[in-house]
């Protein structure tokens, strides 16, 4: 499952290069997520090995327009009043459907990027007695919700 920061790198490098504007947008996302430097470095290293290492084509960093739109939506979601309650809901829902160790790890890793892994754990352990149900989740949470409901 692609995480938020990985997806941003994927979009930024979509034509084989990252523009200066793309790099600035990546920084903006990094700051908004509160992503730890060590985790960012780990993600960038894996991305370089798995995606960039074998690429031969080089573009002009044309992914920056798409990246900017996508990042603005993600930042909007990060500032949403519903973010934490939706994460708790996803965690609780996953347990009810039979949360495996693998999916627990996916949820924790995914939410760790934007400092919400404790919130996910609260939902899983049902420590926060939230009865909120959501028909639709924020776009930042869609990949996680889809993966946990497979």
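What to note about this one:
- Taking the numbered list (1) modelled with pLDDT under 95; (2) part of a helix (DSSP H, G or I); (3) farther than 21 Å from residue 147 by Cβ in turn, residue 54 passes all entries but (2).
- Scanning the range 95-104 turns up no residue that is outside the structural domain of residue 123 (by TED's automatic domain parsing), under 18 Å from the mean Cα position of the chain (by Cα) and either touching a residue at least 24 places away in the same chain (Cβ under 8 Å) or crowded, with 17+ Cβ neighbours inside 10 Å (or both).
- Filter pass, residue 49 being within 19 Å of residue 115 (Cα to Cα) and either surrounded by fewer than 19 Cβ atoms within 10 Å (Cβ to Cβ) or in contact (Cβ under 8 Å) with a residue 24 or more places away in the chain (or both): no
- Filter result (surrounded by fewer than 16 Cβ atoms within 10 Å (Cβ to Cβ), part of a loop (DSSP other than H, G, I, E, B) and in contact with a helix residue (DSSP H, G or I) (Cβ under 7 Å, 6 or more places away or on another chain)) within the range 1-43: 1, 2
- Boolean, residue 140 is surrounded by 16 or more Cβ atoms within 10 Å (Cβ to Cβ), more than 19 Å from residue 5 (Cα to Cα) and at pLDDT 90 or above: no
- Candidates 44, 112, 84, filtered to the one that is free of Cβ contacts under 8 Å to residues at least 40 places away in the same chain and within 24 Å of residue 148 (Cβ to Cβ): 84
- Residue identified as in the same structural domain as residue 14 (by TED's automatic domain parsing), more than 13 Å from the chain's Cα centre (by Cα) and closer than 17 Å to residue 12 by Cα among 73, 61: 61
The values are calculated or read from the model by the stated rules, or taken from the named source; none is laboratory data. Just so you know, these numbers come straight off a predicted model, no measurement behind them. Ideal geometry is used to build each Cβ from the backbone, glycine not excepted, and the neighbour counts take in all protein chains shown.
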